[in-house]
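The numbers here are math on the coordinates, done by the rules we state, and not lab data. Only a predicted model underlies this, so the values are computations on that prediction, with no experimental measurement involved. Cβ coordinates were reconstructed from backbone atoms using ideal geometry, including for glycine residues, and neighbour counts include every protein chain displayed.
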Amino acid sequence: MDEKEKRDKDKPKVGIPRALHYYRYFPFWKKILEELGAELIISPPTNKKIVEVGVRHGFGELCIPMKVYYGHVMHLIENYPNLDFIFVPRYVAEVKEAFFCPKFLSLPDVVKILPDVPNLLNFEVNVKEFPVSVAAIDLGKQLGKSKTKALDAYKKAKTYYEEYLNFLRRGANVIHALRLVRRDLPFKLPKKKVKGNVRLLLLGHAYNLFDTYINLDFQKKLQERDVEVLTIENMPEWIFETPVVVNKKLQNYWKHEEEIMQAIRYFLTKGRNEIDGVIFLISFACGPDSLISELIMRDMKVVKLPYLAITMDEHSGEAGMLTRIESFVEMIKRKKKLMKEKEEEKQKTVVSQ
């Protein structure tokens, strides 16, 4: 056995489910865990079997992303029996003004009851109680690393994650960006950027927008219909600095929903003419999303922006989704055509006078 093989053998093997916050925080996780000497094993993209297993282990009231997460955990357990840990972070609060969904708060506790689960590698983000650097020190301790090593890994992960976010703000698609992260490639935009006659804002949590199995490859279907897609990950950081206040007194309790409302506020005001419509992908049984969807729908009516909410679960069918997409996009194209014709007619009238 050569020196490299010996080093690889000594590395703790850490499994990461490719679900939920993977689509948001994986670049940070990858950097900090590898800096702490871990070998990462990532579950494959969501497939039929993973969903079926997840549904079997989840109960009916759970949203589909949570059921999918169980399926990914079970895949790691069944296919990698030599794992030292499965990484199951606990996200409580990333800012002091809001919480994550309760299902994220309890995730490590729930995963523990799955059959044959190995040790869980915990990383708790709760800035209401302690800085993230404290969680990084605890993470390093679980992997046998010193406080100094853990803090150094945390700083490097923060820097790398900010580079990743800036890449998204330059217009990169999350799926493309995560592919570069997994392959340790530099952040480089593809040569061909997808353009279209229709520009839509696609709203939703990252695990709904970028898991192409549970959303039936939604973005690709839009692009095939000459649609340019914008997500909140592509928007400037300053848009998310000011909280949204509903009816001059109500502020959002949930972190993800607040970001969605902040994005919508921009397109209700300064960015009104930057998009042609909005689509909101919602998981069935997601209470917070159902609430803000109603608020967004009312705002869209006021500014006359086309709006479509699509609810997904494990029973979602491709035919029904295609029909709704085609109808929505065609409606917007006709609306734009009519507006263009009216504008041309107006200009002709002015010239003739």
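For segment 3-180, the relative contact order is 23 percent, taking Cα pairs closer than 8 Å that sit 6 or more residues apart in sequence and dividing their mean separation by the residue count.
Given their separation in residues at 0.36 nm each and the Cα-Cα distance between them, MET297 and GLU97 gain 69.5 nm when the chain is fully extended.
Under a 5 Å amide H cut-off, with hydrogens placed 1.01 Å from N, ARG90 pairs with PHE123, GLU124, VAL125 among residues at least 5 apart or on other chains. Only the Cβ atoms of Lys and Arg (+1) and of Asp and Glu (-1) were treated as charged; on that basis the dipole of segment 3-180 about its Cα centre amounts to roughly 360 debye. Residue order for THR159, THR231, fewest other beta carbons within 10 angstrom first, comes to THR159, THR231. Between GLY277, GLY204, GLY287, the Gaussian network model of the chain with springs among Cα atoms under 10 angstrom shows the greatest mean-square fluctuation at GLY287.
Ordered by the number of other Cβ atoms lying within 10 Å of each residue's own Cβ, fewest first, VAL329, VAL95 fall into the sequence VAL95, VAL329.
A cut-off of 5 Å between modelled amide H atoms, ignoring neighbours fewer than 5 places along the same chain, links LYS145 with no other residue.
Largest mean-square fluctuation among VAL303, VAL111, VAL134, in a Gaussian network model of the chain whose springs join Cα atoms under 10 Å apart, belongs to VAL303.
Between segment 176-197 and segment 13-67, the C-alpha centres lie 22 angstrom from each other. Taking THR212, THR269, THR311 in turn, the Gaussian network model of the chain (Cα-Cα springs below 10 Å) assigns the largest fluctuation to THR269.
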